[in-house]
Amino acid sequence: MDNSKKKVVIIDYQLGNLFSVKQACDTVGMNAKISSDKEDILNADALILPGVGAFNEAMNNLKNLDIENPIKDMVNAGKPLFGICLGQQLLFTESEEFGTGKGLDLIPGIIKRFPEQFEDRKIKVPHIAWNRIYADNYDWSKTPLHELDNNDFMYFVHSYYVKPDDNAIRLTLTNYDDIEFCSSVIKDNIFATQFHPEKSADKGVSIYKNWAITNNLL
């Protein structure tokens, strides 16, 4: 890592798209390091929590690596955190995946599964697609999405979605087969997306750049 720049740690808990996230960080000039080391996390200026896979396995890995509390401590101290896909879901109170599993509880709310059937028709799960994100009464101009247009497409791969207790933190919504769900949130120093910006072409990479600029990481 370049010690002249602020340090960003991409948290490695053995589930996730780490290298595509690292590549996006490198592309925009962030000083990012992949690590599962508690001291690296506690000494970082900002954290990225990516992830693809099962909620309960992810939480178990965070606990076994002894990095659950360091992540909470950093967020509670005001350090920026960017959650992606499963990384967004882990920030919430609990998930209904494989029974009820407890999350990091940094954002009040639950993780719901897409139904197999909706209004007398079958729903294809998981949701794997380019899909539109649109504003939920939120002005994107001072967020990492400020270079995007309403209804721009982002890339999704997921079977579960977040349901915040507070609708005011819903940054974007997305409609999948007439099921409207929250596709990104922003709350204080936390920004998180269900979609994968690093797999969403130039506009996706702009989200990394603007998150870094917003948090003075470049």
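The values are calculated or read from the model by the stated rules, or taken from the named source; none is laboratory data. Treat the numbers as computed from the prediction; the structure is a model and nothing was measured. Don't worry about glycine lacking a Cβ; one is built from the backbone with ideal geometry, like all the others, and counts go over all protein chains shown. Only protein heavy atoms, including side chains, enter the accessible area calculation; ligands, DNA and RNA are left aside. Shrake-Rupley method; radii C 1.70, N 1.55, O 1.52, S 1.80 Å.
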Q: With a ≥ b ≥ c taken as the square roots of the eigenvalues of the C-alpha gyration tensor of region 155-214, please select rounded if a/c is under 1.5 and otherwise prolate if a/b is larger than b/c or oblate if it is not?
A: oblate
Q) With Cβ to Cβ distances under 12 Å as the rule, what net charge do the other residues near Pro197 carry (K, R +1; D, E -1)? A) -1
(Q) Could you compute the net charge surrounding Glu57? Neighbours are other residues with a C-beta less than 12 Å from the C-beta of Glu57; K and R count +1, D and E count -1. (A) 0
Q: Give me the number: length gained by fully extending Asn150 to Asn137, i.e. 0.36 nm times residue separation minus the C-alpha to C-alpha distance, one decimal in nm.
A: 3.5 nm
Q. If one takes the longest principal axis of the Cα atoms in the chain, at what angle in degrees, from 0 to 90 and to the nearest 10, does the Cα axis of helix 55-64 lie?
A. 20
Q) What FRET efficiency comes out for the pair Asp202/Glu119, r = Cβ-Cβ distance, R0 = 41 Å, nearest 0.05? A) 0.70
Q | Highest to lowest packing among 68-81, 183-196, 202-215, scored as the average C-beta count within 10 Å | A | 183-196, 202-215, 68-81
**Q.** Length-normalised contact order of region 60-141 in % [C-alpha pairs under 8 Å, at least 6 apart]
**A.** 16
Q.
From the helices alone, meaning DSSP H stretches of at least four residues, give me the mean residue ellipticity at 222 nm for the chain, per-run term -39500 (n - 2.57), in deg cm²/dmol to the nearest 500.
A. -7000 deg cm²/dmol
Q. So, with +1 on the Cβ of K and R and -1 on the Cβ of D and E, and no other charges, what is the size of the charge dipole of the chain about its Cα centre, to the nearest 20 debye?
A. 320
Q) If you wrap the chain's Cα atoms in a convex hull and average its projection over all directions, what's the area in nm²? A) 11.0
**Q.** Exposure rank, largest accessible area first [Tyr160, Tyr138; 1.4 Å]
**A.** Tyr138, Tyr160
Q.
Tell me the Kirkwood radius of region 122-190: reciprocal of the mean inverse pair distance over distinct alpha-carbon atoms, in Å.
A. 12.7
Q: Sort out for me the Cα centre separation of region 173-209 from region 22-69, rounded to whole Å.
A: 18
**Q.** Residues in region 132-163 that a label on Asn175 would reach, taking backbone N under 14 Å of a point 7 Å out along Cα→Cβ
**A.** 132-136, 151-152
**Q.** Share of carbon and sulfur in the accessible heavy-atom surface of region 154-218 [1.4 Å probe, %]
**A.** 43
Q) Based on DSSP, what percent of beta bridges with both residues in the chain are antiparallel, to the nearest 5? A) 60
